[in-house]
1. So, L45, is that one over 16 Å from M1 (Cα atoms), of a type in the set (A, V, I, L, M) and not in a loop (DSSP other than H, G, I, E, B) or not?
2. Out of everything in the range 51-64 that is among the charged types (D, E, K, R) and not in a strand (DSSP E or B), what residue ends up being most open to solvent (accessible area, probe 1.4 Å)?
3. Select from the range 27-42 the residues that are touching a residue at least 24 places away in the same chain (Cβ under 8 Å) and part of a loop (DSSP other than H, G, I, E, B) and write down the one among them that is nearest to D15 (Cα to Cα).
4. Which of the residues that make up the range 7-50 are open to solvent by less than 50 Å² (accessible area, probe 1.4 Å) and under 11 Å from the mean Cα position of the chain (by Cα)?
Amino acid sequence: MNAGDTLFHKGDKADAMYYLISGRYRLLELGIELKTGDVAGELGLLSPKKARTQTLQCVESGEL
């Protein structure tokens, strides 16, 4: 992913979770930054509507 790209938006269908291999990412609604080694997208898979609960944007280019 490149800096500025959005991986998913709040409310999107949740169909995968992601392991962050490199780069930095931000959950926009919470203002929380994720980094290498973190997992993202798992809560949407567990939500009753199987929908994303946050928007995840790439801050520093990296690999998922």
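The values are calculated or read from the model by the stated rules, or taken from the named source; none is laboratory data. Bear in mind the structure is a predicted one, so any value in this text is a computation, not a measurement. Ideal geometry is used to build each Cβ from the backbone, glycine not excepted, and the neighbour counts take in all protein chains shown. With ligands, DNA and RNA removed, areas are computed over all heavy atoms of the protein, side chains included. Shrake-Rupley method; radii C 1.70, N 1.55, O 1.52, S 1.80 Å.
1. Working: over 16 Å from M1 (Cα atoms): yes; of a type in the set (A, V, I, L, M): yes; not in a loop (DSSP other than H, G, I, E, B): yes.
Against the criterion (over 16 Å from M1 (Cα atoms), of a type in the set (A, V, I, L, M) and not in a loop (DSSP other than H, G, I, E, B)), L45 qualifies.
2. Quick first cut of the range 51-64, residues among the charged types (D, E, K, R) only: 52, 60, 63.
Okay, now just the ones that are also not in a strand (DSSP E or B), so 52, 63.
Numbers: R52: 13, E63: 103 Å².
Taking the candidates together, the pick is E63.
3. Narrowing the range 27-42 to residues touching a residue at least 24 places away in the same chain (Cβ under 8 Å): 27-30, 33, 36, 40-42.
Still in the running and part of a loop (DSSP other than H, G, I, E, B): 28-30, 36, 41.
Values: L28: 20, E29: 20, L30: 21, T36: 21, G41: 9 Å.
Of everything passing the filter in the range 27-42, G41 is nearest to D15 (Cα to Cα).
4. Going residue by residue through the range 7-50, those that are open to solvent by less than 50 Å² (accessible area, probe 1.4 Å) are 7-8, 14, 16, 20, 22-23, 25, 27, 31, 34, 37-38, 40-41, 44, 47.
Once the filter is applied, which keeps residues that are open to solvent by less than 50 Å² (accessible area, probe 1.4 Å) and under 11 Å from the mean Cα position of the chain (by Cα), the range 7-50 yields L7, F8, A14, A16, L20, Y25, L27, L34, D38, A40, G41, G44.
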